[in-house]
Ligand SMILES: Cc1cc2nc3c(=O)[nH]c(=O)nc-3n(C[C@H](O)[C@H](O)[C@H](O)COP(=O)(O)OP(=O)(O)OC[C@H]3O[C@@H](n4cnc5c(N)ncnc54)[C@H](O)[C@@H]3O)c2cc1C
Ligand SMILES: Nc1ncnc2c1ncn2[C@@H]1O[C@H](COP(=O)(O)O)[C@@H](O)[C@H]1O
């Protein structure tokens with residue numbers, strides 16, 4: 001029996017876009033996505049795909065990527081397939097517009113997970129780079145009654161257990177959990193692999209499974225938001241930088257040191 | 001509810017004492033409690049919480065809940081989670097506050113889901129809206145590019161508060177509190193995740209989180225070697241040393257050096273950045289610095305929008321004379 005691994009991946013607007021492109025529609029409390037800027041798979045979720053693929057590198061495994069949203073850029077969401085994941089399940093419905101409410105997202109993902117069937121391991125990103133919540137995976141784990149381990153930089157399985165090396169503020173921690181379990185991973189896991197040409201070809205042929213709210217056996221009421229946004233705005237930072245100029249760069253360095261001394265900062 | 005905890009601070013404990021974040025949560029909690037006209041309670045659960053009871057009282061809690069159980073240890077977060085859930089169920093708080101520490105960040109979402117309510121994650125400020133009588137939480141989103149004000153609809157309203165967002169409140173030993181001991185049921189089988197090993201990174205320098213001065217480098221340094229030069233500066237100034245995520249991802253410096261949204265939060269008096277562009281996710285971890293200094297060859301770099309002093313130039317030329325001048329000034 002191959003291991004069944006589910007990866008949770010979210011489509012987000014590119015978090016590294018230039019600041020000037022970032023705009024908020026305050027009235028509707030939404031970020032306006034510039035049409036020229038393609039969305040991306042949340043960075044940590046690419047790490048999650050990579051973590052699953054590394055397991056698959058050493059033993060038989062079936063990797064299913066699950067994503068929930070109102071609409072998707074299919075070519076973007078197929079990236080995990082081109083990296084080597086086996087299948088893609090998209091939970092797509094107009095009712096799924098509130099991706100801000102972690103609990104509702106977790107409900108929908110949990111319904112999909114239960115519909116797909118038994119699994120050994122769920123791998124998610126540590127947080128989505130839009131709302132930086134770091135909540136959805138933990139809520140999914142709670143709804144499914146699973147043990148959870150966060151911020152993994154190395155994920156290994158064996159003997160029905162998962163061993164995770166976690167990145168801690170001042171070192172690492174190794175923890176172990178029985179499976180099924182949920183693990184979230186971070187960028188310390190390392191660079192996700194690039195899709196190969198063969199992978200890209202294979203991904204082109206694969207079609208995602210698309211499920212609506214109804215397919216999941218949910219009604220809108222179960223997805224009522226627990227957290228509501230009452231305001232969304234861009235904070236103003238006042239720029240009053242004093243530029244230190246000298247005859248050349250080296251001179252500016254010297255003057256900077258003198259300036260810090262004068263300001264009693266050193 | 002007459003016996004409600006009101007605003008409940010769930011405090012972490014460390015070796016028989018309250019974690020430093022508890023005093024910050026109490027500052028936030030007292031404001032919310034005053035706004036709601038409710039009492040402030042502090043709850044601790046651990047294997048050794050006796051001494052923390054007076055500590056919590058001295059911070060200004062009107063009521064203190066203490067749960068002592070030998071099987072509660074920091075290595076078993078699932079037990080602490082269940083203890084917190086039982087405390088909440090027994091005390092019916094209107095508001096629950098947790099610190100977004102390494103542990104709190106993971107415990108809070110599971111606790112919220114266990115109680116069937118929402119959670120405002122990573123908040124910088126919590127306030128009571130006079131019209132609705134609900135708590136509004138302000139939190140950075142989109143890597144710090146935007147701020148959101150959010151309201152939790154359920155009860156309790158829960159917020160996870162970023163460490164250092166609030167000043168710790170001053171303890172006063174003459175304060176007293178009503179002490180309530182709760183009995184909860186926990187058993188070992190609830191702890192499924194087991195700690196195998198903890199490896200502390202050896203570090204010689206000053207701790208980043210408490211450093212008065214921090215020096216940090218970014219991708220523009222191009223390789224690990226220039227960090228040696230930054231270490232010289234750090235040595236001269238008695239400063240901590242850090243980096244952007246780009247420098248960490250490149251493998252030039254260890255992850256423990258990372259400052260930012262997913263790294264450390266620093267609040268030094270002086271923060272000197274070299275070849276860091278100042279992405280919002282980086283600034284998220286250092287915008288509490290009193291004075292930011294930036295050396296960057298790009299005059300348009302975002303870092304200059306938040307810096308007090310800046311040099312537009314090549315670090316390879318700027319930093320040696322900066323270092324030499326510092327050495328002379330400090331000798
Ligand atoms: C969810 C998420 C979380 C993140 N968390 C963090 C985090 O915690 N911390 C963090 O730092 N980042 C974080 N990031 C990444 C962040 O978005 C930026 O990519 C990162 O901070 C960039 O690092 P940098 O400034 O070193 O590199 P760059 O943005 O590439 O900037 C390099 C700078 O060096 C300057 N430079 C180049 N050569 C020279 C020279 N010779 N002399 C002087 N200047 C020079 C350039 O002008 C440029 O401004 C996160 C991103 C995401 C999506
Ligand atoms: N809409 C979604 N679809 C699929 N996975 C998601 C979704 N939202 C969040 N996740 C997963 O949960 C992680 C943390 O997200 P968040 O709690 O929103 O910060 C992400 O990195 C994803 O792995």
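Some points to look at:
- Centre-to-centre, using Cα atoms only, the stretch B:27-96 and the stretch A:26-74 are separated by 38 Å.
- For the segment A:161-169, counting C-beta atoms of other chains within 10 Å of every residue's C-beta and taking the mean gives 4.
- Peptides A:218-225, B:282-289, B:218-225 ranked from most to least packed give B:282-289, B:218-225, A:218-225, packing being the mean of other C-beta atoms within 10 angstrom over each peptide's residues.
- Average beta-carbon neighbours from other chains, 10 Å sphere, peptide A:229-236: 6
- log₁₀ of I(q)/I(0) at q = 0.18 Å⁻¹ - the stretch B:208-330, Debye sum with one point per alpha carbon: -0.86
- By other beta-carbon atoms within 10 Å, ranking A:138, B:329 with the fewest at the front produces B:329, A:138.
- For A:19, B:134, order by how many other beta-carbon atoms lie within 10 Å, fewest first: A:19, B:134
- Whole-number percent relative contact order across chain B, with pairs defined as alpha carbons under 8 Å at least 6 apart: 14 percent
- Shielding value for B:264-277 is 1, the average number of Cβ atoms from other chains within 10 Å of each residue's Cβ.
- This ranking places B:161, A:244 by how few other beta-carbon atoms lie within 10 Å of each, fewest first, which gives A:244, B:161.
- Against chain B, whose longest principal axis is taken from its Cα atoms, helix B:315-330 shows a tilt of about 80°.
- Stokes-Einstein diffusion coefficient of the stretch A:18-171, Kirkwood radius over Cα pairs, 4 °C, 1.567 mPa s, in µm²/s: 76 µm²/s
- The stretch B:1-111, relative contact order in percent, only Cα pairs under 8 angstrom and at least six apart counted: 33 percent
- Euclidean distance of C-alpha centroids, the stretch A:141-173 and the stretch B:100-169, integer Å: 25 Å
- The Cα atoms of the protein assembly as shown cover 72, 71, 50 Å along the three principal axes, with the biggest extent listed first.
- With a Förster radius of 30 Å applied to the C-beta separation of residue A:25 and residue A:87, the computed FRET efficiency comes to 0.25.
- Entry for chain A at q = 0.09, 0.14, 0.16, 0.17 Å⁻¹: log10 I(q)/I(0) = -0.49, -0.97, -1.20, -1.33, Debye formula applied to identical alpha-carbon scatterers, no solvent contribution.
- Using R0 = 56 Å, the C-beta based FRET efficiency linking residue A:204 and residue B:129 works out to 0.65.
- If you wrap the Cα atoms of chain B in a convex hull and average its projected area over all directions, you get 19.1 nm².
- Helix B:50-59 and the longest principal axis of the C-alpha atoms of chain B enclose an angle of approximately 80°.
- Extents of the stretch A:1-81, taken as max minus min of Cα coordinates on every principal axis and listed largest first, are 52, 23, 19 Å.
- All C-alpha pair distances within the stretch B:75-233, sorted into 10 Å bins from zero, spread as 8, 25, 30, 24, 11, 3 percent across the bins.
Any read-out appearing in this document is the output of simple, stated calculations on the displayed coordinates, not a laboratory observation. Since we're looking at a predicted model, the values are computed, not measured. With ideal geometry, Cβ positions are generated from the backbone for all residues, glycine too; neighbour counts draw on all protein chains shown.
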